[in-house]
1. Starting from the Cα gyration tensor of the range 311-355, take the square roots of the eigenvalues, sort them a ≥ b ≥ c, and report rounded, prolate or oblate (rounded when a/c is under 1.5, otherwise prolate if a/b is larger than b/c, else oblate).
2. Near PHE373, within a Cβ-to-Cβ distance under 15 Å, what is the net charge of the other residues, with Lys and Arg +1 and Asp and Glu -1?
3. Specify the inter-centroid distance of the range 50-123 and the range 165-179, based on alpha-carbon positions, in whole Å.
4. Could you sort out which of LYS375/LYS415; LYS280/LYS415; LYS298/LYS375; LYS91/LYS375 sit more than 27 Å apart by Cα distance in this structure?
5. Ranked highest first by average number of other Cβ atoms within 10 Å, how do 328-336, 256-264 line up?
6. Where does each of LYS91, LYS298 land when they are ranked from fewest to most other beta-carbon atoms within 10 angstrom?
7. Taking the Cβ of THR270 as the center, what net charge do the other residues with Cβ under 13 Å away carry, scoring Lys and Arg +1 and Asp and Glu -1?
8. Once you have the Cα-Cα distance between SER273 and SER172, take 0.36 nm times their residue separation minus that, and quote the gain in nm to one decimal.
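The numbers here are math on the coordinates, done by the rules we state, and not lab data. On a predicted model such as this, the values are computed, not experimentally measured, just so you know. A quick note on method: Cβ atoms are made from the backbone with ideal geometry, for glycine too, and the neighbour counts reach across all protein chains shown.
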Amino acid sequence: MAYSPLSTVRRALGSLANWLGCRKGNVALLFALLMPMAIGGAGLATEVGVWYHRRLELQGAADAAAYAAAVGMRAGATQDSFTAEALAAAKASGFDSSQGALTVNWPPTSGTHQTNQAIEVLIAQNVPRFFSSLFVNTPLIEHTRAVTTVQNASNACVLALSKLASSAILISGSASVSLTGCSLMANSVSSSAVVSQGSSVLSTDCIISVGGVSLTAGVSETVCSSPITQAPPVADPYGAVAAPTPVGPCLSSTPSGPSVPAGNYCNGLTLQSNMVLTGKLADGVTPAPYYISGGDLKVNANANVNGNNVTFYMAGSASVQMNGNATVNLSAPTSGDYTGLLFMGDRTCTTCSSITETLNGTADSTMTGAIYFPKQSVNYIGNFAGANGCTQVVADTVVWNGHTHLAANCIGIVKNLLAYQAVRFVE
């Protein structure tokens, strides 16, 4: 049966009308049209959730890295070392170094804490695309940032470096120790890291210890209401200062004076009568330390010893022995490699824990600068004060049996010795 073109069109339109009039057909059509949109919306929502979770994870990694770096810096680690610690902490918190980069800036290069007491960690990492990759093929990179700062409660002028010693700082007998504008700090974990006993008297801003304290004598803290225990340790402020090497031939251990040049004293050095230490080699021009080896530095009774811009380096087991009747007025260099260092002990000595550096002077004696003996014990017997209030003691252990006044007005003379340093997140 033949159909005309017009009838064919009519039949087709009738079939379409019948199909559109079917409810099941409408639902099927709408479902087919909306399904891709529903799947796409769900996919995008899931992907955004994954991105948000990844960002939180990376922020946690940045925080962990910044904290680890600050703790390392506080402990005296080099920048390379605490950067490695930061990277390890970030990886442990989910950072994938194969997909991104971690940068440690010390000091921070942006923000409101661009100081040497702050550390900035920046993380940039690729985040995978899923559904969105159908429409965008550019990489998605998440950026996170964290800044920590090391804040201190006090500037210390006495630091015992020993990590284990009992009585790492001991004030006994009739000692009278006055620390003006500064604190006393012990790195020892011992429950009695700081001890005062007998009829001794101690006045200081704060008593701070990694371990504990035992205070049975007169103690006055002018800033802290009570001793701070379980504190974080303080880094050796002079740990990066290179030891000197002896210069020139061996010099006489008993110079006739009155002028005593710096140089190589390979049989020790004995100072007596009136002596002036030049702090320079025999040429009278070149600054140099007094390199003491093969014997001790002895200051005899009734000696009157003076010197500016002076550093003594005690090599090996060489020690300092000052007689109680000697008057000693010495000050450290204010420039050069040994700025602020009046005495420096050999930090490589493995048998020096039994060596005692004996400092015994008259009431007129002054020593301005740092007394640094990282492997030795310093024993104060006599009376000493720093000119204009600047003497700092950093030693393995410190013992006081005499009358001493130390103060922390040392700007531009010795290194800051920041005690009780707390790590805080600031940005």
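1. oblate
2. Here the charged neighbours net out to -3.
3. 40 Å
4. Correct reply: LYS91/LYS375.
5. Going by the mean number of other Cβ atoms within 10 Å, highest first, we get 328-336, 256-264.
6. LYS91, LYS298
7. After counting each charged neighbour, the total is 0.
8. 33.2 nm
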